[in-house]
Structure formats: C-alpha cells, structure tokens
1. Find all pairs meeting these conditions: Cβ atoms under 7 angstrom apart; at least six residues apart or on different chains; first residue within the stretch 317-330 and touching a residue at least 24 places away in the same chain (Cβ under 8 Å) and at positive phi; second residue assigned to a strand (DSSP E or B) and of a type outside the set (A, V, I, L, M, F, W, C).
2. Looking at the stretch 236-259 only, could you name the residues that are in contact with a helix residue (DSSP H, G or I) (Cβ under 8 Å, 6 or more places away or on another chain), closer than 21 Å to Lys207 by Cα and of a type outside the set (Val, Ile, Thr)?
3. Need pairs with beta-carbon distance below 6 Å; first residue in contact (Cβ under 8 Å) with a residue 12 or more places away in the chain and within the stretch 43-59, second in a helix (DSSP H, G or I) and of a type in the set (Phe, Trp, Tyr); sequence gap 6+ or separate chains.
4. So, in the stretch 246-297, of the ones that are on the phi > 0 side of the Ramachandran plot and touching a residue at least 60 places away in the same chain (Cβ under 8 Å), which residue ends up nearest to the chain's Cα centre (by Cα)?
5. Tell me which strands (runs of 3 or more DSSP E) are completely within the stretch 185-260 and hold 3 or more residues being at pLDDT below 90, or say none if there are none.
6. What are the residues in the stretch 261-297 that are in a loop (DSSP other than H, G, I, E, B) and polar (S, T, N, Q), if any?
7. Which condition from (1) exposed (fewer than 15 other Cβ atoms within 10 Å of the Cβ); (2) in contact with a Ser or Thr (Cβ under 8 Å, 6 or more places away or on another chain) is the one that Arg148 breaks?
8. Looking only at the stretch 106-142, how many residues end up being under 25 Å from the mean Cα position of the chain (by Cα), modelled with pLDDT under 85 and over 22 Å from Ser210 (Cα atoms)?
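The values are calculated or read from the model by the stated rules, or taken from the named source; none is laboratory data. Everything quoted here is computed from the prediction, not taken from an experiment. Virtual Cβ from ideal backbone geometry, glycine too; neighbours counted across all protein chains shown.
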Amino acid sequence: MIDSSKTFDEKEFLQHKAFVEVMAKSFGNNTRSAVVTYGEKPSIKSNFDDSLNITYFLSVVQSIVKDDVNDNRLDTAINMATTDLFPKARPSAAKLAVVVTDGSQTSGPNALELQQAFDASAKAGVRTVALGIGEALNVEEWRSLVPRKEDFLQIENSQDMTLKIRDIAKQVCAAAEPIEEPTCGYAMDIIFLVDSSDGIGIENYDKQKSLVISIARSFGISHNTSRAAVVRYSDSASAYFQFEDSSSTDKFERAIHRMSLQKGPPRLDKAFDVALAEVLPQARRGIPKIAFVVTNGKQNSGEDMKALDAASELLRRAGVKVIALGVGTEVDLEELKIIVEDEEEHIVTAESYSELILNKENISEKICEQAGYYYGAFTKCPRVSLSSLLD
C-alpha cells in the first residue's frame, strides 16, 4: 500500500514504485503481489493475478500515476485490501500487507482510527508490516499497531527503502507465519448452503467464499474432527463438496477457491432438499449437525417451489441446527425467522459482504457456541487434551 497524496513528492513516489518492483522480483514465482494506492480514496491498481506474469505486473506498477491530493486516508486502503483484495488470495498462502507511510493520516467524519483498521485486518488473517518513512512519526505508536514490534521498520527517507531492500524483504518473510490454528474445540458436521445466483455478483461471491474458508479454519477440517460439506444453489442446487471429502482444511480451501459462480434465480428451497437427501445421510451419529445458510432472505417463485418453512423444517427435524446469514439492506427478517424456526439467536445480518469479512470472527464464534450446546457446554472452553484416571 503506497501513499499517492501530496504527503510525498513526485520523486519520492517514483522511488516507492521502484521499491515495489524490486520487492516483487525478489520473492520469485511462489509469491503473488498486488498494489493499493491511497490518497483521498483508495484504489486497487493491481490484483494478485496480475503478478502471475511478472513483466505485466511491473508494467502496471510503472503506469501508476500519483493522485497528488491533500488527503491521505490509510484506513480506507487497509479496509479495501481486507474486504476486496485478500478474499481472492490463494488458500494456505500467508497474507501480508506492506504499508508505506510517513505515519500521518487525514482526519474526517467517517475516518477510522488506524488501530481499528489494523485490528479488523488482523482478524481477517492479514499480517501487516509497516514501513515508516522519516523521523516525524511516533515509533512507539506504530509498533503498537502491528503484531510484533519487529513488524515496524523505520526508514530514513524514500531513497533508503531500495537500499535496505534485503533487510525489508527478510522481515516480510519472517512475518509469513502459518495460517491461524483452529479456535473452536467442538467437533461438528457443518453444511454450507452457498448462494450462487445472479444477484450476488462475482466480487461478493468471492467474499462469500472467503467467509466459508475462514469459518472452516476456525474448526479445522479432518475426518476425525469437524467435517464440512457445501451445497451450491441458484435456480438449481447440487452437493459441491461432501463430508467424506473432508480430509484436511487445505483440501477444503482449494475446493472452495475453484467453486465457480453458477448464476440464475435463487432457489433456497432446492438447497435444503439437496442437503437433506444427498448430504445429511453421510453425517455422523452423536456429532452436532449445523447448516449455515447464506441468503438475502428471498427466493425466486416457481410452480414447483416449496415454502422455505417446510423445506427447512425437514432439515431441522433431522436434528440439524440451522443458522441463517442475511446479507443486504433489503433482507427479509421474517423470512429468516421462518428458516430458523423463530430462533433469533440463530440469525446473523450484515448490510454488505464487506461487512461480513470484518465480522467473520463473531460468526465463527456463534456457530461454535451452537456446537457446544449439543455437548452440554455452558461456558466457552479452549481446546484441551484431557486424561481421566479412575480408581
């Protein structure tokens, strides 16, 4: 993320672009890069896929023009990267944000404190390395914003960035830690009912997939712990991923990233039918069963359409807890209540898919709590190994 405002002059901006080019070339073919500039507004100048061809990526970086505006809103750049860029990252690849800044940010009525923006990004699994240019910034404040104090590097000036490229690259590599460990200690069989209809669009579809992956990571997928299945629905529905395929979290992530957008009008009732007939028979006895539904609360009408209360009731009668996630400003809450049998604690709403990315930790916790109730747990307990010695 590079500052495109008047904070830095044209010469310094060119040096920042040169730094990005050298960094991209230094990591080789296993690393993909993207670029976000920020001034009054953030802008994604290059996506991760652009760096598959390094020559093309370098040409994109060279073509970036300085905005030269007064405002510099780093908070908006962090949010854009968190909600629009990183959801498209590869499964099992470390997600790193390198921020180039002089430590300042323009205040405004809707401006986030940088701590809030950094925290939201961290919750989404993004590790940040900050490069502070100049001596005017507050070193202690910036060290408190990043996960470890070593993740903040103070650079004397813009030219010094390229001269210290080895030290910076070394720190970026050190920040590439493994994907987060599972945080939910309860085994479960969870069915994701994923909206793949016309109304969602490819960008929101990618964010929906990112949410599904994040939830799966919080449980840890394997044959012996939590297992996952996916039903994709539009005007038809099909079992895209089955419980028996749940050998690892990595395998699940790769499958979700390959899952394409179907399009067509939404028929959630068909998704419930497929979950009941084709997925649930593979579920394990004595293990909590949860269906996580992503919907705008509406579905397309048709002659063969089944009422949502009837379709979801069959699943609930089979012992499945249904949790509904309603997305959008026109969500029909009454329809969601029908899906979950009036249990409002099983409803999560968000105005946008971007909001989901920022709140996915809370969603994972809600699902984990429902699994815990099955086992009779009334308090949250960390994952432990327990041995009992009986006389």
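1. As it stands, the answer is Gly319/Lys289, since those pairs meet every condition given.
2. Selection gives Ala237, Ser238, Ala239, Tyr240, Phe241, Lys251, Phe252, Glu253, Ala255, His257, Met259.
3. Asp50/Phe57; Ser51/Phe57
4. Lys263
5. none
6. Passing the criteria: Gln262, Asn296.
7. With respect to (1) exposed (fewer than 15 other Cβ atoms within 10 Å of the Cβ); (2) in contact with a Ser or Thr (Cβ under 8 Å, 6 or more places away or on another chain), Arg148 is out only on (2).
8. Residues flagged as under 25 Å from the mean Cα position of the chain (by Cα), modelled with pLDDT under 85 and over 22 Å from Ser210 (Cα atoms) within the stretch 106-142 amount to 2.
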